[in-house]
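K.L.:
Let me give you the structure first, and then I'll get to my questions.
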Amino acid sequence: MPPRRRRPCLVCGTLTRNASRCDTHQAVWQQQQDRARGSAHQRGYTQAWRTTAAQAVAQHRAAHGDRCPGWGVPAHPASDLTADHRIPKARGGSDDPENIGVLCRACNGRKRDQ
Ligand SMILES: [Zn+2]
Ligand SMILES: [Zn+2]
């Protein structure tokens, strides 16, 4: 194998035989890519879903204001509202508005943990 030209790492500038990053930063970058891809995939977060979710939150705000209906807790004021599937996509839930519920981040996290 002919020796490859060394290039500076995009992050730290250390000369490396890798395409664009030193071994350390290549590993870091790969982890970030995997994590981003994995979490987006697991939650079914596509661009279409993000649009649907933003619309659901906007409609909820217009109707109820900054208020979380609560999950395992009574309804309460919340400014960090997020939309989520009532029936998870993994269990056949759809992106239709009737399958989308709005909760604050804390309640959404609690729901997801169940
Ligand atoms: Zn580096
Ligand atoms: Zn809440």
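The values are calculated or read from the model by the stated rules, or taken from the named source; none is laboratory data. Keep in mind that what you see is a predicted model, and the values were worked out from it rather than measured. So basically every Cβ, Gly included, is an ideal-geometry build from the backbone, and we count neighbours across all protein chains shown. Surface accessibility is based on the protein's heavy atoms, side chains included, excluding ligands, DNA and RNA. Shrake-Rupley method; radii C 1.70, N 1.55, O 1.52, S 1.80 Å.
K.L.:
Have a look at Asn18, Asn108 and point out the one that is within 16 Å of ligand 1 (Cβ to nearest atom) and not acidic (Asp, Glu).
P.N.:
Step by step, each of Asn18, Asn108 is checked, and only Asn18 is within 16 Å of ligand 1 (Cβ to nearest atom) and not acidic (Asp, Glu).
K.L.:
Now a separate question. Starting from region 49-63, keep only residues that are under 10 Å from Leu81 (Cα atoms) and not assigned by TED's automatic domain parsing to the domain that holds Val102, then list their pairs with residues that are in a helix (DSSP H, G or I) and open to solvent by less than 70 Å² (accessible area, probe 1.4 Å) whose Cβ atoms are within a distance under 8 Å, requiring at least 6 positions of separation or different chains.
P.N.:
Close Cβ pairs (under 8 Å, with a partner that is in a helix (DSSP H, G or I) and open to solvent by less than 70 Å² (accessible area, probe 1.4 Å)) do not exist here.
K.L.:
Can you run down the residue pairs with Cβ atoms below 7 Å, 6 or more apart or on separate chains, where the first is in region 94-105 and at pLDDT below 90 and the partner is in a helix (DSSP H, G or I) and acidic (Asp, Glu)?
P.N.:
Close Cβ pairs (under 7 Å, with a partner that is in a helix (DSSP H, G or I) and acidic (Asp, Glu)) do not exist here.
K.L.:
Separate question: Being in contact (Cβ under 8 Å) with a residue 24 or more places away in the chain and open to solvent by less than 60 Å² (accessible area, probe 1.4 Å) is the filter here, so list the residues in region 73-87 that pass it.
P.N.:
Once the filter is applied, which keeps residues that are in contact (Cβ under 8 Å) with a residue 24 or more places away in the chain and open to solvent by less than 60 Å² (accessible area, probe 1.4 Å), region 73-87 yields Val73, His76, Ala78, Leu81, Thr82, Ala83, Asp84, His85.
K.L.:
Let me ask you something else. Give the residues of region 83-114 that are within 12 Å of Trp49 (Cβ to Cβ) and within 16 Å of ligand 2 (Cβ to nearest atom), sorted by residue number.
P.N.:
Of everything in region 83-114, those that are within 12 Å of Trp49 (Cβ to Cβ) and within 16 Å of ligand 2 (Cβ to nearest atom) turn out to be Ala83, Asp84, Ile100.
K.L.:
From Gln59, Gln47, grab the single residue that is more than 11 Å from ligand 2 (Cβ to nearest atom), within 20 Å of the chain's Cα centre (by Cα) and open to solvent by 90 Å² or more (accessible area, probe 1.4 Å).
P.N.:
Gln47
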